[in-house]
1. What figure, in Å² to the nearest 10, do you get for the accessible area of Tyr210 with a 1.4 Å probe and non-protein molecules left out?
2. Can you show me the helix-derived [θ] at 222 nm for the chain, built from DSSP H runs with n ≥ 4 at -39,500 (n - 2.57) apiece and divided by the number of residues, rounded to the nearest 500.
3. Looking only at the range 128-206, where both bridge partners belong to it, what percent of the DSSP beta bridges are antiparallel (to the nearest 5)?
4. Given all pairs of different Cα atoms, what value in angstroms does the Kirkwood hydrodynamic radius of the range 122-210 take?
5. Which of the pairs Lys48/Lys147; Lys21/Lys161; Lys87/Lys147; Lys151/Lys184 have their Cα atoms more than 29 Å apart in this structure?
6. What does the convex hull of the Cα atoms come to per residue for the range 167-225, in Å³?
7. What share of Cα pairs, in percent, lie more than 30 angstrom apart in the chain?
8. Give me the percent of Cα-Cα pairs in the range 1-128 that sit more than 18 Å apart, rounded to a whole number.
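The values are calculated or read from the model by the stated rules, or taken from the named source; none is laboratory data. Quick caveat: nothing in here was measured; it's all calculated off a predicted structure. As a convention, Cβ positions derive from the backbone with ideal geometry for all residues, glycine included, and neighbour counts pool all protein chains shown. What goes into the accessible areas is simple: the full protein's heavy atoms, side chains included, and nothing from ligands, DNA or RNA. Shrake-Rupley method; radii C 1.70, N 1.55, O 1.52, S 1.80 Å.
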Amino acid sequence: MFLGGAGPLHGVELAEEMEIKSILIPPSCGVFSALGLLLSDCRVDKVKSILKDADEVDEEEVENIFVELIEEGIKEVGSFDEIKIIKQIDVRYKGQSYDITIPWTGDLGEVINNFHKKHEAIYKFSSLDEDVEFVNARVTIIGLLTKPEIKYNEIKEYIPKPESYRKVYFTNGWEETPIYNRDKLKPGARFDGPAIVEEYDSTIVIPPNYHTIVDGYGSIRIERN
């Protein structure tokens, strides 16, 4: 997939270098990353140090820390119809300089047991007899946005009529090249390169020996003949 204003301009050449056979260019590719930002959920992360041996901590103390962090985080996230809250604890063997983040289940024994298991999975060893230390309490608060439905349209293959022609320089020299307006290309549009597809935020180059089809989502797929 190639995004950005310049991505589709150089996409085929880059794909050839990487031996990629099929290239996908989504609608509004020049502003695709901005669209992703607008549709992203709102997230706030909060952390508070504990730094105590596990046997010096009780569940109520940890829960109170989480209540404090959640109250702070929700104020920053703001108003959402749905909010997701993730509670985690940074845990380590006492004396270690690194820790592992473990989901908080509300049960100290379960958290410690899960820490031993994850340490074993990551580092191939665990030390059940060593003292375990709770380092930080972490809360992630996510305000969930309602995502728009991506419409799929029926594909009816046809050969579109170019808007115009002009000479374009490709590897083998100048070629009389058809120019298409992307806004007018419907799902099922199929044509061969060389071709240029113009749109508001980008220019798509289809070299000779490639063919193109518009899929049901309005994405342009370019493949070598």
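1. 10 Å²
2. -7500 deg cm²/dmol
3. Working: 12 of 16 bridges.
Within the range 128-206, antiparallel bridges account for around 75 percent of the total.
4. Values: mean 1/r = 0.0538 Å⁻¹.
After inverting the pairwise mean of 1/r, the radius is 18.6 Å.
5. Details: Lys48/Lys147 32 Å; Lys21/Lys161 26 Å; Lys87/Lys147 25 Å; Lys151/Lys184 17 Å.
Beyond 29 Å between Cα atoms: Lys48/Lys147.
6. Working: hull volume 4.5 nm³, N = 59.
Dividing the Cα hull volume of the range 167-225 by its residues yields 77 Å³.
7. On the way: 13186 of 25200 pairs.
The calculated P(r) of the chain puts 52 percent of pairs beyond 30 Å.
8. On the way: 5574 of 8128 pairs.
For the range 1-128, the fraction of Cα-Cα distances above 18 Å is 69 percent.
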